[in-house]
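One structure below.
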Amino acid sequence: MNEKSEKLGLKYYGGAFLAASLATYAMCRKGNYRVAFLFYSRCGGGGLNFYKQQENGKLHRFFAIDYHSFWDHTKKEKVKKLHYHRGENASQMKKHRPYEGGW
């Protein structure tokens with residue numbers, strides 16, 4: 001990779017981070033959304049969690065990007081890798097969906 005492409009990469013990732021930050025801020029201001037960065041001491045990792053406040057006042061986690069150890073059912077071993085959670089209910093949110101280079 002040459003110097004010019006490295007600079008373009010930094011600009012791209014910086015712009016993407018800024019756009020994502022502004023979109024998240026707007027989402028939190030406009031609606032009943034919350035964002036929390038949490039550390040998971042039990043499994044040694046952390047994650048960025050997105051919540052929506054329900055009418056009863058409780059927070060519903062609907063998306064999370066995590067990096068921690070968990071049991072991989074395909075490899076039959078404990079792994080520590082980047083993954084995400086998404087879903088409407090608790091059984092969908094429990095699934096560790098691996099990050100495979102795209103959302």
### Options TYR67, TYR12, TYR40, TYR51: the member that is modelled with pLDDT under 85 and surrounded by 10 or more Cβ atoms within 10 Å (Cβ to Cβ)
TYR12
### Query
Which ones in the range 47-81 are among the β-branched types (Val, Ile, Thr) and part of a loop (DSSP other than H, G, I, E, B)?
THR74
#### Entry: For MET27: the one exception among (1) at pLDDT 85 or above; (2) assigned to a helix (DSSP H, G or I)
(1)
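The values are calculated or read from the model by the stated rules, or taken from the named source; none is laboratory data. Bear in mind the structure is a predicted one, so any value in this text is a computation, not a measurement. With ideal geometry, Cβ positions are generated from the backbone for all residues, glycine too; neighbour counts draw on all protein chains shown.
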